[in-house]
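**Q** Shown below is the structure under consideration.
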Amino acid sequence: MIITPAQPSDLAKLLDFRREAAAWLSELGSDQWSRPYPADRLLTTIESGTVFMVRDGGTTAATITLTPEAEGGLWSDVELSEPSMFINKLTVARTHAGQNLGGRLLDWAGDRAYRASALWLRLDAWTTNDALQRYYLRQGFDHVRTVREGGAVNGGPRVSGWLAQRVAQPADHGFVDETPAPEPRSETLSHLRR
């Protein structure tokens, strides 16, 4: 399997992934991703070069967004001063479920974050999705805290405020990586990694 940057032509596939994942989550009793994701916002993230696709032959097997920018209102100023990369929208096609593809993508993201001189690989997960939170804990993430207020709609409850992190580190993820080398962060981390 190869991992490549997403292209604007992948927009329809990514929107389908989101709908497929939302339907699966709904069957599990979760309201995660029940609202349609705006296509124009997704296209903007694709064009920014932060969306990546795992391709298995001619099939798209998974996607992940990895960005140096955190969503506002989640992380403290001290945390934001630490070099970090942030995971969003990790989605595995149901056809490829059960193959640890998500775990390998998290390893790839941690490796990429490390190569970009980030100290942390961070994420925010759906506040009410306990199964997803347990999954990230099994993948080596530590729960930092849960932010419940300051959501996107009128400052109401935040739906994705379960914060977790793990140290960015080199990993053998097993993908053929056809992404451009990450831009190193301006901060030097050698003293933090000792």
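Taken together, the values in this text are just the output of simple stated rules run on the coordinates, not laboratory data. Quick caveat: nothing in here was measured; it's all calculated off a predicted structure. Cβ: placed from backbone, ideal geometry, glycine included. Neighbour counts: every protein chain shown.
**Q** What is the pair-distance distribution P(r) of segment 40-158, computed from all Cα-Cα distances in 10 Å bins starting at 0, with each bin given as a whole percent?
**A** Taking all Cα pairs of segment 40-158, the binned fractions are 12, 40, 38, 9, 0 percent.
**Q** Quick one: order Arg122, Arg138, Arg148, Arg104 by neighbouring beta-carbon count within 10 Å, fewest to most.
**A** Working: Arg122 23, Arg138 9, Arg148 13, Arg104 20.
Placing the least packed residue first, the sequence is Arg138, Arg148, Arg104, Arg122.
**Q** Right, something else. Simple spin-label model, 7 Å along Cα-to-Cβ: His143 to Val167 in nm?
**A** 2.3 nm
**Q** Given a Förster distance of 30 Å, report the FRET efficiency between Asp56 and Glu79 from their Cβ-Cβ distance, rounded to the nearest 0.05.
**A** On the way: r = 36 Å, r/R0 = 1.18.
The pair Asp56/Glu79 has a calculated efficiency of 0.25.
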